[in-house]
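Below: one structure, written as structure tokens.
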Amino acid sequence: MATKNLELKLYDTLTREKRVFNPIDPARVRMYVCGPTVYDFAHIGNARPVIVFDVLYRLLRHLYPGEGRVIYVRNITDVDDKINARAAERGVSIRELTEETYNNFKSDVAALGCLPPTVEPRATDYVSNPGAPVDMIRLIERLIANGHAYAAEGHVLFSVATMSDYGKLSKRSLDEMVAGARVEVAPYKRDPMDFVLWKPSSLDLPGWDSPWGRGRPGWHIECSAMSAALLGETFDIHGGGIDLVFPHHENEIAQSRCAFHTGVMANYWMHNGFLQVEGEKMSKSLGNFVTIRELISTSKFGDKSWSPEALRLAMLRTHYRQPIDWTVRSLEEAEQTLERWADLVGDVKSGKVAVEVLGILADDLNTPLAITELLRLGKAGDAADLAATLKFLGFDLGKGSSYKSPRRKAIERAFQKVDLKEKVEALIESRNSARKAKNFKESDRIRDELAAMGVVLKDSKEGTTWEIAR
Ligand code: AMP
Ligand code: ZN
């Protein structure tokens with residue numbers, strides 16, 4: 001099989017180079033990606049790491065085929081101060097809020113063509129989890145025992161000074177780190193750089209009993225505990241958005257390496273670039289904040305809602321490490337391409353994933369070049385391989401798939417109006433009479449009129465049925 005010889009190369013943020021990917025254990029390829037904090041709908045920036053690492057997951061599954069060979073863990077942060085505040089604001093329980101938000105997230109990213117990860121652990125299940133090889137409380141205890149953390153006033157802090165190569169991932173000087181982290185000076189800290197592993201909770205906040213009193217974990221310790229519990233002390237790939245390099249990933253590395261005395265936490269650190277909207281940072285105050293849900297449903301953009309496939313394609317037209325400038329124009333272009341592909345793919349069945357595309361993706365996920373190659377396949381009229389390759393990349397456009405082009409959606413909306421339906425049926429009736437009278441000129445004219453309305457007729461022995469054109 002040609003793909004067996006494919007050499008996967010990935011850019012590693014830690015070593016600042018593109019390296020050949022060699023898994024620690026080819027029978028268990030392990031990837032961890034930082035997932036969402038579930039307090040509100042995910043925005044289109046949050047969709048980027050989900051889509052990017054979905055493509056990598058698909059490629060890894062192709063390169064390492066076989067049930068359970070690639071283990072993809074994407075966590076859910078369901079304990080966080082933003083969650084507490086939002087639940088209080090809405091007057092719902094924290095569990096209700098995180099459950100609802102998580103379900104929305106799941107259905108949004110499924111619509112975007114992303115496969116579910118192998119495991120989606122919830123942080124709250126790993127604060128204390130006697131069934132797991134490690135949990136947050138035990139990890140913190142280890143860090144205290146080997147001198148890398150200290151307890152003070154109900155808090156536990158990681159002592160940055162105890163790690164000689166702290167800061168290796170972000171390559172920042174200590175001064176820059178102090179500024180970047182907006183470090184909090186607190187009386188219980190030995191050094192302003194020290195970060196929180198555990199903090200006290202009042203009774204109205206979520207809390208767990210611990211050796212340091214009732215409290216809750218800091219954010220960074222979650223990922224160290226969940227990755228170690230599910231993937232081991234050292235694993236292959238760790239991913240997330242570029243904003244997580246510092247302090248989140250730097251601190252994950254500090255915790256995991258100091259707890260387990262390992263040289264690395266993960267062998268490849270991958271980070272997607274940021275998404276901006278029409279040249280500006282996306283933010284609620286700028287009014288350019290777009291959730292996945294808004295983009296793919298009709299509510300915000302009126303008639304102009306976009307297919308989730310267009311969002312996925314527009315996203316993949318930029319290399320994952322580059323920043324994306326998100327524009328309506330890029331969505332329009334993606335939608336036009338998809339319509340063309342959907343027409344080409346139609347109801348073709350078999351086909352194979354194009355080797356050229358696999359080779360391009362194996363070079364640090366060069367999705368823009370892969371899309372160029374797909375366009376070439378389409379132009380060459382190679383519908384079967386185009387369909388298979390699109391499917392491999394998470395685009396199911398064939399007949400019977402859920403893909404709906406804006407053209408088809410507009411027609412469907414029009415047909416929801418009963419009078420149009422009646423008009424079509426009346427036209428079909430007149431056409432049938434014309435055919436009976438052998439007036440084929442008239443029956444063809446009516447068929448063309450219906451076609452112009454987006455209606456395709458199917459004549460059979462049983463009579464005439466109709467459907468909306470694709
Ligand atoms: P959060 O819920 O804020 O922790 O973010 C979840 C994931 O989305 C993280 O991997 C972030 O790095 C990523 N992310 C957040 N905003 C953006 C953005 N505008 N562009 C790309 N990735 C983002
Ligand atoms: Zn994380």
Task: Answer from 431, 408, 447 - the residue that is open to solvent by less than 80 Å² (accessible area, probe 1.4 Å), of a type in the set (D, E, K, R) and within 30 Å of residue 338 (Cα to Cα) - done: 408
- [ ] Kindly provide the set of residues from region 54-82 that are of a type in the set (Asp, Glu) and free of Cβ contacts under 8 Å to residues at least 40 places away in the same chain, ordered by number.
- [x] 67, 81
Open item on the list: Here's a check for you: in region 232-243, which residue that is out of contact with any Cys (no Cβ under 9 Å at 6 or more places or on another chain) and within 16 Å of ligand 1 (Cβ to nearest atom) is nearest to residue 13 (Cα to Cα)?
Closed with: 242
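To keep it simple, each residue is scored yes or no on (1) without any contact (Cβ under 8 Å) to a residue 60 or more places away in the chain; (2) within 16 Å of ligand 2 (Cβ to nearest atom); (3) not in a helix (DSSP H, G or I).
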{"site": "25", "(1), (2), (3)": "yes, no, yes"}
{"site": "41", "(1), (2), (3)": "no, no, yes"}
{"site": "52", "(1), (2), (3)": "no, yes, no"}
{"site": "84", "(1), (2), (3)": "no, no, no"}
Open item on the list: From the list 20, 50, exactly one residue is among the β-branched types (Val, Ile, Thr), surrounded by fewer than 17 Cβ atoms within 10 Å (Cβ to Cβ) and at pLDDT 95 or above. Which is it?
Closed with: 20
- [ ] Please go through region 281-290 and pick out each residue that is in contact (Cβ under 8 Å) with a residue 60 or more places away in the chain and either among the polar types (S, T, N, Q) or open to solvent by 50 Å² or more (accessible area, probe 1.4 Å) (or both).
- [x] none
Open item on the list: Would you confirm, using the coordinates I've provided, whether residue 79 is more than 12 Å from the chain's Cα centre (by Cα), of a type in the set (Val, Ile, Thr), buried (at least 17 other Cβ atoms within 10 Å of the Cβ) and within 16 Å of ligand 2 (Cβ to nearest atom)?
Closed with: yes
Task: Filter result for residue 73 (in contact with a Gly (Cβ under 7 Å, 6 or more places away or on another chain) and either among the aliphatic types (A, V, I, L, M) or away from ligand 1 (no atom under 16 Å from the Cβ) (or both)) - done: no
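Residue by residue, here is whether (1) of a type in the set (A, V, I, L, M); (2) over 28 Å from the mean Cα position of the chain (by Cα); (3) more than 26 Å from residue 134 (Cβ to Cβ); (4) more than 16 Å from ligand 1 (Cβ to nearest atom) holds:
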residue: 175; (1), (2), (3), (4): no, yes, yes, yes
residue: 193; (1), (2), (3), (4): yes, yes, no, yes
residue: 230; (1), (2), (3), (4): yes, no, no, yes
residue: 250; (1), (2), (3), (4): no, no, no, no
Task: residue 150 part of a strand (DSSP E or B) and more than 28 Å from residue 94 (Cα to Cα) - done: yes
Open item on the list: Let me confirm something: among 63, 10, 56, which residue is closer than 26 Å to residue 326 by Cα and away from ligand 1 (no atom under 16 Å from the Cβ)?
Closed with: 10
Open item on the list: Please count how many residues of region 66-89 are among the acidic types (Asp, Glu) and closer than 23 Å to residue 135 by Cα.
Closed with: 3
- [ ] Please work out which one of (1) hydrophobic (A, V, I, L, M, F, W, C); (2) within 16 Å of ligand 2 (Cβ to nearest atom); (3) not in a strand (DSSP E or B) is the condition residue 73 fails and give its number.
- [x] (3)
Task: Of all residues making up region 242-280, the number that are crowded, with 21+ Cβ neighbours inside 10 Å, closer than 25 Å to residue 318 by Cα and touching a helix residue (DSSP H, G or I) at 6+ places or on another chain (Cβ under 6 Å) - done: 3
Task: helices (runs of 4 or more DSSP H) lying entirely in region 326-402 (those with 1 or more residues that are basic (Lys, Arg)) - done: 328-345, 367-379, 383-392
- [ ] Starting from residues that are open to solvent by 10 Å² or more (accessible area, probe 1.4 Å) and within 22 Å of residue 233 (Cβ to Cβ), keep the ones in region 27-39 and report whichever is farthest from ligand 2 (Cβ to nearest atom).
- [x] 27
Open item on the list: So residue 208 passes all but one of these: (1) open to solvent by less than 20 Å² (accessible area, probe 1.4 Å); (2) under 27 Å from residue 119 (Cα atoms); (3) touching a residue at least 60 places away in the same chain (Cβ under 8 Å). Which condition number does it fail?
Closed with: (1)
Task: Conditions (1) over 19 Å from the mean Cα position of the chain (by Cα); (2) open to solvent by 10 Å² or more (accessible area, probe 1.4 Å); (3) over 21 Å from residue 230 (Cα atoms): number failed by residue 68 - done: (3)
Task: Options 339, 332, 309; residue that is under 23 Å from residue 388 (Cβ atoms) and open to solvent by 30 Å² or more (accessible area, probe 1.4 Å) - done: 339
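The values are calculated or read from the model by the stated rules, or taken from the named source; none is laboratory data. These numbers were taken from a predicted model, which means no experiment stands behind them. All Cβ positions, glycine included, derive from the backbone under ideal geometry; neighbour counts span all protein chains shown. Each accessible area value is taken on the protein alone, full model and side chains, heavy atoms only, with ligands, DNA and RNA left out. Shrake-Rupley method; radii C 1.70, N 1.55, O 1.52, S 1.80 Å.
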